[in-house]
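These notes concern the structure reproduced below.
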Amino acid sequence: GVLAAGERLTTLGRSADATERAFAARVIGEVGVRNFYQPLLPLLEDEDLDVRQATLIAAGKVNHPHSLPLIIGNLAHRSLRSAAMSALVASGEALLPLTADALSDERAYKKEDTIRLVRVCGQIKGARTVDLLKQHMDHTDHDVQFQVLSALSSCGYRAEEEDIAEIQQILNDQVRHGLRVLLAIQDIGQDENLPLHSALDYEFDQARKRAFLLLSF
């Protein structure tokens, strides 16, 4: 079937008509042959967002790891984000190497995309996912760190005996950070209209949430 229809699908995928390109993507998704992913790659960067939407859904069904970087690239579009996230969840543990790159090198992906990749890990779950996330419980970016801890919580993580000392150290760091924020709030007074006051209140609330997540492990 792939051999018979492949040339026709390739032609449709290159059509000047966006409707035909979207149709080609949907057909490839319904066929679901993993090795027939190549025609989806250019469609994941199509100028028409409806075509990309159809292609993201198809990519989630075909589920080939070579499509993952292009799927991640679609996270920047608000209207495509839900379909892209669903396709990433469907990829399962194939996403973990890219997530590891994002967590280890801040230049690999935008911070917002790194946070979304970690959030997807919380839905993928599994021992390999937990092993990856555990390595980044003390991530230097507090927003990313919060997502890592939240994802571990979603995975049902509970610390082994050998991990408790490290978690205690990270917890102590969070408590010290929270104390510094509280002292800063005291120093600037009670004027809640100050933008800085709102920022510090938010930071203290986040530090408290991170601390409670660490305690839950």
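The values are calculated or read from the model by the stated rules, or taken from the named source; none is laboratory data. It should be emphasised that the depicted structure is a prediction, and the values quoted were computed from it without experimental measurement. Because the Cβ atoms are built from the backbone with ideal geometry, glycine has one as well, and the counts that use them run over all protein chains shown. Only protein heavy atoms, including side chains, enter the accessible area calculation; ligands, DNA and RNA are left aside. Shrake-Rupley method; radii C 1.70, N 1.55, O 1.52, S 1.80 Å.
From the list Arg8, Arg26, Arg14, pick out the single residue that is surrounded by 14 or more Cβ atoms within 10 Å (Cβ to Cβ), over 30 Å from Ala151 (Cβ atoms) and out of contact with any Leu (no Cβ under 7 Å at 6 or more places or on another chain). Going through Arg8, Arg26, Arg14 in turn, the sole match is Arg26. Would you point out which residue out of Gly122, Gly156 is out of contact with any helix residue (DSSP H, G or I) (no Cβ under 7 Å at 6 or more places or on another chain) and small (Gly, Ala, Ser)? After applying the criteria, what remains is Gly156.
Of all residues in region 170-192, those being of a type in the set (D, E, K, R) and touching an Asp or Glu at 6+ places or on another chain (Cβ under 9 Å) number 2. The residues in region 31-46 that are open to solvent by 40 Å² or more (accessible area, probe 1.4 Å) and either modelled with pLDDT of 95 or more or closer than 16 Å to Thr10 by Cβ (or both) can be counted, and the count is 7. Restricted to region 185-217, and to residues there that are assigned to a loop (DSSP other than H, G, I, E, B) and without any contact (Cβ under 8 Å) to a residue 40 or more places away in the chain, the residue that is least open to solvent (accessible area, probe 1.4 Å) is Gly189. The set of residues in region 1-59 that are among the β-branched types (Val, Ile, Thr) and either in a helix (DSSP H, G or I) or under 20 Å from Gly73 (Cα atoms) (or both) comprises Val2, Thr10, Thr11, Thr19, Val27, Ile28, Val31, Val51, Thr55, Ile57. Any chance region 54-70 includes a residue that's open to solvent by less than 80 Å² (accessible area, probe 1.4 Å), within 28 Å of His142 (Cβ to Cβ) and modelled with pLDDT of 95 or more? Within region 54-70 (the criterion being open to solvent by less than 80 Å² (accessible area, probe 1.4 Å), within 28 Å of His142 (Cβ to Cβ) and modelled with pLDDT of 95 or more), the answer is yes, since at least one residue qualifies.
For region 66-100, residues that are farther than 17 Å from Leu41 by Cα and either touching a residue at least 40 places away in the same chain (Cβ under 8 Å) or among the β-branched types (Val, Ile, Thr) (or both) total 2.
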